[in-house]
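S.K.: One structure, as structure tokens, below. Some questions next.
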Amino acid sequence: MAENEKKVALTKQDRISVCFRSTFLQGSWNYERMQNGGYCYAMIPAIKRLYTTKEEQADALKRHLEFFNTQPYVAAPILGVTLALEEDRANGAPVDDAAIQGVKVGMMGPLAGVGDPIFWFTVRPILGALAASFAMSGNILGPILFFVLWNVIRYAFLWYTQEFGYQAGTAITKDLSGGLLQKVTQGASILGMFVLGSLVQRWVSVNFPIKVSEVALSEGAYIEWDKLPQGGEGIKQAIAQWSSGMSMDPTKVTTLQDNLNSLVPGLAALLLTFLCMYLLKKKVSPIVIILGLFVVGIVFHLIGLM
Amino acid sequence: MNAISIVLVIIVAFLAGMEGILDEFQFHQPLVACTLIGIVCGQPVAGIVLGGSLQMIAMGWANIGAAVAPDAALASVASAIILMKGGQGAEGAQTAIAVAIPLAVAGLFLTMIARTLAVPIVHAMDAAAENADFKKIEMLQWGAIFMQGLRIAVPAAALCVVSDQVVSNLLNSMPAWLTEGMSIGGGMVVAVGYALVINMMATAEVWPFFFIGFALAAISDLTLIGLGIVAVAIAFIYLNLSEKGGSGAGAGAAAGGSGDPLGDILNDY
């Protein structure tokens, strides 16, 4: 009689198929119900397996064309739970439309709150910056590293969290508030903030080559080019003198940048970043800021400040 | 560009357009899209260098909520095509980026059109669901994705058709003050992406790690991988200590407000 208790069940092949289709979750992203078309598209293999009559199939399709929106990767555990619920329903359990929709809506918010910072703001910037630093010297390893690592991480995440959701069913909602997820998020944001700090220092370039002072150096503090012997011997002496700390020019030029760097290297970049954060918090569009910075770059260059 | 290159570039652009909405394989990210265009045009190194430089700028551009950032897919594809046609090789990367970013902003308009056109598509899905017509729903989903591919492929094709001469003349006719000024601007624009990310992640608890990273990065002997190792080690130490001592939780709760003191200061300013 065990057969009767579970008339229909999803095969592993069905679940793999759903997982693969969730790649196209955002394909029909629209202003009305956002990812609904993609969600329904992903559920089709399961609906075909679980329901046989045309009415049941039509109802299931309509159920999954309701509003849905989350970070596209964390949709995987939600799909997993939905698969478990649909399976129960197909086997006669009293799971109504509201319960399924409730679980979807209840999970999409909190999970997007985890998925956005982890994937878009930690993993992608870190992998991207690492790979870009290879790429900027023309090394093809950069793009390959980025592409391969990202997709391995992504598919592993999609499959295992979907399976986790399917096994756990609705119990997953309890796990969400539990410690592990919180720890992962916390660890990721520590990592992210650290890397961002170093990126601001290394890659934001704000340079003020404007001269603030020009001091004539005393004799012996600079290389006297006209007193060096001819040929290779002269070059050798010049290098020896330079490495012993003598200046190449008889005057010492200090730029605004030198002064800023002697305070804190990268201070200007840090301040610019804070300014951008402030403007963004004041709801200035990032596009306006980007175009504004180009204008500032051109104007400051013209007046000789940068 | 010869005919084969143009066809391949348009295919890459199509992939980038689909990925611009799907955000899965990352074909729309500069690192991938610019490299692919460089390869199909026979200038792989220039493409890779461009991809790396643009990736640094596009770092924080993401499709989330109501936030609008320039379209990474169009920026990558357009700048790569301009670079290939300009014939300056890797040196032209900064100029190509400066030209492409305004285009990427214009690309947002195309994104909005595509996302609006998707509304009638899902209405057609509703009708198909009524008849349990699986095939039709699948076709509609693919149609929508196809439309997103065209969003980038069509502008890319237009850029390809413009003669190489026109593009290189345009680039050469730009005065030095303009290109130099734009590349100075490009150096600063990177900060916007980082600022977007920091605003998302910052809490009282994690700000110190930002400053540790900032200070350590000034040591130029330390590579990015070295910094990454330090970061992972610190994250593990912190998580372990806060679990054992339990004092970490207290610090987090005591912060209050938005949990972002610097953000609060910036807000009150």
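S.K.: Modelling each spin label as a point 7 Å along the Cα-to-Cβ direction, I'd like the residue B:7/residue A:248 distance in nm, to one decimal.
M.R.: Reported label-point gap for residue B:7 and residue A:248 is 5.2 nm.
S.K.: A further question follows. Considering every Cα-Cα pair within the stretch B:1-121, what fraction, in whole percent, is farther apart than 18 Å?
M.R.: Details: 3363 of 7260 pairs.
The proportion of pairs with Cα distances above 18 Å equals 46 percent.
S.K.: Follow-up. Please order A:185, A:161 by the number of other Cβ within 10 Å, starting at the fewest. Don't skip to the end; give the middle numbers.
M.R.: Details: A:185 17, A:161 21.
Least to most surrounded, the residues fall as A:185, A:161.
S.K.: If the reach is capped at under 22 angstrom between alpha carbons, list the lysines near residue A:54, excluding any in the same chain fewer than eight residues apart.
M.R.: A:6, A:7, A:62, B:135, B:136
S.K.: Dipole of the protein assembly as shown, Cα-centred, from +1 at each Lys and Arg C-beta and -1 at each Asp and Glu C-beta, to the nearest 20 debye?
M.R.: The dipole of the protein assembly as shown has a size of about 460 debye.
S.K.: By how many nm would the segment from residue A:230 to residue A:137 lengthen if fully extended, with 0.36 nm per residue of separation less the alpha-carbon distance? Let's see the in-between values first.
M.R.: Numbers: separation 93, 0.36 × 93 = 33.48 nm, distance 3.76 nm.
Length difference between fully extended and current span is 29.7 nm.
S.K.: In nm, to one decimal, how far is the modelled label at residue A:8 from the one at residue A:267, with both set 7 Å along Cα→Cβ?
M.R.: 7.0
S.K.: Checking the cross-link filter: which aspartates and glutamates have an alpha carbon closer than 18 Å to that of residue A:283, excluding same-chain neighbours under 8 positions apart?
M.R.: Counting by Cα, and skipping residues close in sequence, residue A:283 has these aspartates and glutamates nearby: B:260, B:264, B:268.
S.K.: OK, next. Considering the convex hull of the alpha carbon atoms of the protein assembly as shown, report its projected area averaged over all viewing directions, in nm², one decimal.
M.R.: Values: hull surface 131.4 nm².
Averaged projected area of the protein assembly as shown's Cα convex hull equals 32.9 nm².
S.K.: Rounded to the nearest 0.05, what FRET efficiency do residue B:113 and residue A:182 give with R0 = 41 Å and r taken as the Cβ-Cβ distance? Could you check?
M.R.: Working: r = 40 Å, r/R0 = 0.98.
Calculated transfer efficiency: 0.55.
S.K.: Taking trypsin sites (Lys or Arg not before Pro) as exposed when DSSP calls them loop (any state but H, G, I, E, B) and at most 16 other Cβ atoms lie within 10 Å, what is the longest stretch of chain A free of them, the sites themselves excluded? Present the calculation step by step, with values, prior to reporting the outcome.
M.R.: Values: sites that count: A:6, A:7, A:282, A:283.
Here the longest segment lacking exposed loop sites spans A:8-281.
S.K.: When we measure straight from the Cα of residue A:183, which lysines land under 30 angstrom away, once same-chain ones fewer than 8 places off are left out?
M.R.: Straight-distance partners of residue A:183: A:104, A:174, A:281, B:244.
S.K.: So, R0 is 25 Å and r is the distance between the beta-carbons of residue A:101 and residue A:164; what FRET efficiency does that work out to, to 0.05?
M.R.: Calculated value: 0.75.
S.K.: Sorted from largest to smallest, which semi-axis lengths in Å does the alpha carbon gyration tensor of the stretch B:86-136 give for its equivalent ellipsoid, taking the root of 5 times each eigenvalue?
M.R.: Working: eigenvalues 366, 34, 5 Å².
In descending order the semi-axes read 43, 13, 5 Å.
S.K.: Would you work out which of A:255, A:142, A:100 lies farthest towards the positive end of the dipole of chain A, given +1 charges on the beta-carbon of Lys and Arg and -1 on that of Asp and Glu, about the Cα centre?
M.R.: Going by the charge dipole, the pick is A:100.
S.K.: To continue, here is another question. To the nearest 0.05, what FRET efficiency results for residue B:146 and residue B:218 with a Förster distance of 60 Å applied to their C-beta separation? Walk me through the numbers on the way to the answer.
M.R.: Numbers: r = 49 Å, r/R0 = 0.81.
Efficiency, from the Cβ-Cβ distance: 0.80.
S.K.: Also, quick follow-up: With Cβ to Cβ distances under 13 Å as the rule, what net charge do the other residues near residue A:185 carry (K, R +1; D, E -1)? It would help to have the intermediate numbers written out before the result.
M.R.: On the way: positive: A:183; negative: A:116, B:205.
Taking every other residue near residue A:185 into account, the sum is -1.
S.K.: Could you work out the helix-only [θ] at 222 nm for chain B, with each DSSP H run of four or more residues adding -39,500 (n - 2.57) and the total divided by the number of residues, to the nearest 500 deg cm²/dmol? Provide the component values of the computation, followed by the final result.
M.R.: On the way: 12 runs with 213 residues, N = 269.
Mean residue ellipticity, 222 nm, calculated: -26500 deg cm²/dmol.
S.K.: A follow-up question, please. What relative contact order, as a whole-number percentage, does chain B give when Cα pairs under 8 Å and 6 or more residues apart are counted?
M.R.: Numbers: 292 pairs, mean separation 53.7, N = 269.
Contact order relative to length: 20 percent.
S.K.: What per residue convex hull volume, in Å³, comes out for chain A when only alpha-carbon positions are used?
M.R.: Details: hull volume 64.2 nm³, N = 306.
Expressed per residue, the convex hull around the Cα atoms of chain A is 210 Å³.
S.K.: So if each residue of separation counts as 0.36 nm, and I subtract the Cα-Cα distance between residue B:39 and residue B:127, what length gain in nm does that give?
M.R.: Numbers: separation 88, 0.36 × 88 = 31.68 nm, distance 4.41 nm.
Computed gain between residue B:39 and residue B:127 is 27.3 nm.
Coordinate-derived values only; no laboratory data. Every value quoted in this text rests on a predicted model; they were computed, and no experiment measured them. Glycine also receives a Cβ, built like all others from the backbone with ideal geometry; neighbour counts cover every protein chain displayed.
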